[in-house]
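Derivation of every value follows stated rules applied to the coordinates shown; laboratory data play no part. Everything numeric here is computed off the predicted structure, so don't read it as measured data. Here the Cβ positions follow ideal geometry from the backbone for every residue, glycine too, while neighbour counts run over all protein chains shown.
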Amino acid sequence: MMVKTIANIPVHVNEEGFLTDASEWTREVAGAIASEEGIADLTPEHWRVIDFCRANRTANGKSPTLRQITTGTGLPTKTLFALFPKGPAKKVARIAGLGKPEGCV
Amino acid sequence: MKNLLIIGAGTAGTMLANKLVNKLPGWTVTLVDPEPVHLYQPGYLFIPFGVYKRSDVVRPKSTLLPRSARLIQSRVTALDPERCMVRLDHGQILPYDALVIATGADIDPSQTPGLMSPAWGDSVHTFYSLDGSLALAEKLRTWPGGRLVINVVENPIKCPVAPLEFLMLADAFFRERKMRDKVELVYATPLPAAFTKPKAAQRLGRLLDEKGVKVETEFMIERVEPEASRIVSYDERQVAYDLLVSIPVNAGAAFVGASGLGDELNYVRVDPHTLQSTQFENIFALGDAANAPASKAGSVAHFEVDGFVENFMRYIQCKELKPLFDGHANCFVETGDGRGLLIDFNYDTEPLPGRYPLPVVGPFTLLEESRINHWGKLAFRWIYWNVLLRGLPLPAPTRMSMLGKEKIAS
């Protein structure tokens, strides 16, 4: 775990750049991580997804599954891939300051 | 007399009936299940490789349940939680005082376009059902080789390590048949890596490399194109196959969704530590049917049932439930060539290396390949039929223990 300054805010991140403390997240931090991920502007549709994930994160700070996101926001999976290209599950989790999607091993 | 109704006489339902039946004076125990035979689902993994046959993994349900419990062979078509009753196949209404939903999880290939085509059972297979694993065994017996793709459609799935085990057993199977050079093994997974937990990734990350398995990560399948023999992801990546082994979407029972008790995959919303429905206090869910964020596996059902028996006794005495379930799971992971791993973890602790102490037969090695782990996995089938399902005690703790594990700062 290390401290990284994102959008002038020092936050704790793991070696892959995921926030390890969801409470250090701000909307500015999200914007800065999104640019790192190649998303220049977060549109209201992006925010709909990010806000849903923040509101529905698990007790240990994990992002909801893609199916929970599509069910909860009403956005189809295809749209999620357009909004967050190449792996929305991982990208949304990182931008929303939540843990990376994991299996059991 | 009050009635405890258990829907589903699988791993969780059978264990529960056996453990509770003599503890509930004034209560009758009724089980409802459409299938006359009990399936040993962990055995499906071995069937395609000719290790197990059908008779190794089935037993009549009636021989596994206590005599004093009543088994109704029927499907539940509707549940009315407000009026505490369920409707069966032929319209029969069954009232209950307390309800346990233990209907497990089942595959739903219809959710992936193109998966259920005329190629199903020919170039497209699954080992996540008894019929599927038997058909795949038949296929592999004469398969000349080519590109074998294992695809997990979406998580969560039952026994999340089974696809990895399948790949490692396939590697050994084709080597044994002197045709490994004719087979390309590909693993297409929606996750960012085959092993995602830090300690497991560090210790096991090399395993698939060593076995020559190509891993296609973050592959979220949108459709199968059976005419072109390829799978296509939502971001339009294509993976060609000669033989596709699919792990389709896993979901809970439809009546759970229709009753309003279920989540987006029809798993019953429960408190993760007591397994009580978050909506009705006389409804509980055990095993794969519950949406507790634990693995969907028989060992989890076993650890859940242990604590649940105590909590159910508290429930009928109108006492507050205790948070007795900690997410404990453990499973043997076959790695091929007569070797295996053991992993042991819970809600808060990832799989760690070390030793798993078990009187007489142990210790097993955690996160490390050994022969004893493989024998443990094979011996487990006997234990399952003769000890576990009958509700007899095993010399292993219900809650996860750190005994023998290496404590490593993460």
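With +1 assigned to the C-beta of every Lys and Arg and -1 to the C-beta of every Asp and Glu, and no other charges, what is the dipole magnitude of chain B about the Cα centre in debye, to the nearest 20? Write out the running numbers ahead of the final one.
On the way: 44 positive and 46 negative charges, 298 e Å.
Using only the charged Cβ atoms, the result is roughly 1440 debye.
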* Where does the Debye-calculated log10 I(q)/I(0) of the protein assembly as shown sit at q = 0.07, 0.09, 0.12 Å⁻¹, using only Cα point scatterers of equal weight, no solvent? -> -0.39, -0.67, -1.22
* **Placed amide H near B:Arg147: partners under 5 Å, 5+ positions off or other chain** => B:Glu184, B:Asp242, B:Leu243
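Calculated from DSSP H runs of 4 or more alone, at -39500 (n - 2.57) each and per residue, what is the 222 nm mean residue ellipticity of chain B, nearest 500?
Details: 7 runs with 89 residues, N = 410.
Calculated mean residue ellipticity at 222 nm is -7000 deg cm²/dmol.
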* Relative to the longest principal axis of the C-alpha atoms of chain B, give the angle of the C-alpha long axis of helix B:198-210, reported between 0 and 90° and rounded to the nearest 10°. => 40 degrees
* Structure fact -> The distance between the Cα centres of the stretch B:104-179 and the stretch B:274-321, in whole Å, is 32 Å
* Asked: In nm, to one decimal, how far is the B:Met1 label point from the B:Arg399 one, both placed 7 Å along Cα→Cβ?
  -> 3.6 nm
* Helix axis angle, B:371-383 relative to chain B longest principal axis, alpha carbon, degrees -> 40 degrees
* To do: Among B:Leu39, B:Gly8, B:Ser68, pick out the residue whose Cα is farthest towards the positive end of the charge dipole of the stretch B:1-87, where Lys and Arg carry +1 and Asp and Glu carry -1 on C-beta, about the Cα centre.
  => B:Ser68
* Positive-pole candidate from B:Thr278, A:Gly103, B:Met400, dipole of the protein assembly as shown, charges at beta carbon -> B:Met400
* Structure fact -> Note to self, chain A gives a 222 nm [θ] from helices alone (DSSP H runs n ≥ 4, -39500 (n - 2.57) apiece, / all residues, nearest 500) of -12000 deg cm²/dmol
* Asked: What is the mean projected area of the alpha carbon convex hull for the stretch B:87-199, to one decimal in square nanometres?
  -> 11.4 nm²
* Structure fact -> Normalised Cα Rg of the stretch B:10-138, dividing by 2.2 N^0.38 Å with N its residue count, works out at 1.27
* Evaluate the Debye formula for chain B with equal point scatterers sitting on the alpha carbons, no solvent, and hand back log10 of I(q)/I(0) at q = 0.06, 0.07, 0.08, 0.13 Å⁻¹, in q order, two decimals. => -0.24, -0.33, -0.43, -1.16
* Just the Cα atoms of the stretch B:133-176, one point each, no solvent: what log10 I(q)/I(0) does Debye give at q = 0.18, 0.21 Å⁻¹? -> -0.63, -0.84
* To do: Work out from phi, with θ = phi - 60° and the Karplus expression 6.51 cos²θ - 1.76 cosθ + 1.60, the ³J(HN,Hα) of each residue of the stretch B:341-357, listed in order in whole Hz, and give x for Gly and Pro.
  => 10, 10, 10, 9, 7, 8, 3, 9, 10, 6, x, 10, x, x, 10, 10, x
* Computed magnitude of the charge dipole of the stretch B:233-381 (debye, nearest 20; Cβ of K, R +1, Cβ of D, E -1) -> 480 debye
* Near the amide H of B:Leu191, under 5 Å away, which other amide H atoms are found, from residues 5 or more places off or on another chain, if H is placed in the peptide plane? -> B:Glu218, B:Phe219
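Of all DSSP beta bridges located in the protein assembly as shown, what percent are antiparallel, nearest 5?
50 percent
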* Quote the charge dipole size of the stretch B:70-225 about the Cα centre in Debye, to the nearest 20; the model charges only the Cβ of Lys and Arg (+1) and of Asp and Glu (-1). => 620 debye
* **Per principal axis, descending, Cα span of the stretch B:229-361 in whole Å** => 59, 48, 21
* **Centroid-to-centroid separation of the stretch A:16-33 and the stretch B:181-260 [C-alpha atoms, Å]** => 29 Å
* Structure fact -> If amide H atoms are modeled at 1.01 Å from N in the peptide plane, then the residues at a separation of 5 or more from A:Ile6, or on another chain, having amide H under 5 Å from its own are A:Val11
* Structure fact -> Given Cβ charges of +1 for Lys and Arg and -1 for Asp and Glu, the option among A:Leu42, A:Leu75, A:Val3 whose Cα lies farthest towards the positive end of the dipole of chain A is A:Leu75
* Structure fact -> Most exposed to least, judged by fewest other Cβ atoms within 10 Å, B:Ile316, B:Ile157 sort to B:Ile316, B:Ile157
* Using Cα atoms only, what is the angle between the long axis of helix B:298-316 and the major principal axis of chain B, expressed in degrees (0 to 90) to the nearest 10? -> 10 degrees
* At R0 = 22 Å, FRET efficiency that the Cβ-Cβ distance of B:Lys23 and B:Glu82 yields, to 0.05 -> 0.20
* To do: Read phi for every residue in the stretch B:261-271 and hand back ³J(HN,Hα) as whole Hz from Karplus 6.51 cos²θ - 1.76 cosθ + 1.60, θ = phi - 60°, with x for Gly and Pro.
  => 8, x, 8, 5, 10, 6, 8, 5, 5, 10, 6
* Structure fact -> Expressed in angstrom, Rg and Dmax over the Cα atoms of the stretch B:151-287 are 18.5, 58
* For the stretch A:93-105, what does the Karplus curve 6.51 cos²θ - 1.76 cosθ + 1.60, with θ = phi - 60°, yield as ³J(HN,Hα) per residue in whole Hz, taken in order and with x for Gly and Pro? -> 4, 5, 5, 7, x, 10, x, 4, x, 9, x, 8, 10
